[in-house]
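Working notes, structure below.
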Amino acid sequence: MRLYRDFESQEAIDAEYNVTARVAESGAILARWSEASAAVRERLPFRLGLEYGPTREEYLDLFPAGPGAPLHLFSHGGYWRRFSAREFSFLAEPLVRAGVAVGIVNYALCPKVTIDEIVREARAAVAVAYERARAWGCDPERLTISGHSAGGHLVAMVAATDWAGEYDVPAEIVKAGPTVSGLFDLGPFPWSYLQPSLQLGLEQVRRNSPILDIPDRGPPLLVMVGAAETAEFRRQSRAFVEARRGRGLPTARLEVEGADHFTVLDALADPAGPAFERLLRLAREPERALEDVPTGARS
């Protein structure tokens, strides 16, 4: 019996999506990120725990970059069930040094909450950031977003939001965003090792698979993925780009040479690298976000 696409067993699905098991160095990389994040909080000014909702988990950590700076929000990965904003402070430093304020978004985790709730929190974080940006010393008209893995999924869901209809804010508050190793079809996960944590029903999968509900309008998205990631991660990125382009939405795909599911995020934080250069251009000049990025481009 086929569970998802051509996959007939949980083992086959897990081989593609269990990235910590696939990357032997993942534990060391995660520890390094946590240490680097603590060091960044020693070096940079910050405002921790800015609330965007009523629950304890709904906060973001803000790293300012001077009056009127663009504001970039990042959502972390962990398959919606691991980590917090604090492990990802390290991503803020290169952007802040280049004049872009950064908010690292925290959210509640499965199985305490559902993915429906996490998506709601991600949208609320953006809406509140837009409304409070000036009070935080940032420019609300230059708000961009990014996210890694599950956070990449959240970027895609946020990009499909009806801001005017649901939040009574301007329709184009998000100017652009990169997704990094994002997940755009949740279809495999009810059949995976993640199901005891995610507890996904088929209706949740449908509601929260951005590839199944491409909007008529949305911000430019740069869909990034590591060239050394699994075939399924690369396929999901290709399919999402094709689906958005099929609706006329500005979208480009960028493979990061040699990067796996974890080192692709290191590439995004490397101020000397081409992936960071793309991110910085997007944050500073979102209207130029996709310039010179042909379909299937590599960096």
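Couple of notes before you dig in:
- C-alpha long axis of helix 231-246 to longest principal axis of the chain, angle in °: 70
- Shape call, region 1-85: gyration tensor on alpha carbons, a/c limit 1.5: prolate
- Angle between the chain longest axis and helix 115-132 axis [Cα atoms, degrees, rounded to 10]: 20
- Overall form of region 72-136 per C-alpha gyration tensor (a/c, 1.5; a/b vs b/c): oblate
- Relative contact order %, the chain, counting alpha carbon pairs below 8 Å whose residues are six or more apart: 17
- Residue among Ser197, Ser237, Ser75 with the largest mean-square fluctuation in a Gaussian network model of the chain, springs linking Cα atoms under 10 Å: Ser197
- Once the mean of 1/r is taken over each pair of separate Cα atoms and inverted, region 179-299 shows a Kirkwood hydrodynamic radius of 15.2 Å.
- With Cα atoms, 0 to 90° folded angle of helix 150-159 axis to the chain main axis: 70
- Isotropic mean projected area of the C-alpha convex hull, the chain (nm²): 14.1
- Mean ellipticity per residue at 222 nm, deg cm²/dmol - from DSSP H runs of n ≥ 4 across the chain, formula -39500 (n - 2.57): -10500 deg cm²/dmol
- The spread of Cα positions in region 143-211, taken along each principal axis and listed from longest to shortest, comes to 39, 24, 18 Å.
- Under-5 Å amide H pairs with Val256, H placed in peptide plane, nonlocal only: Val225, Gly226, Ala227, Ser299
FYI, it's all coordinate maths here, none of it is from the lab. Just so we're clear, the structure is a prediction, and the values are computed from it rather than from any experiment.
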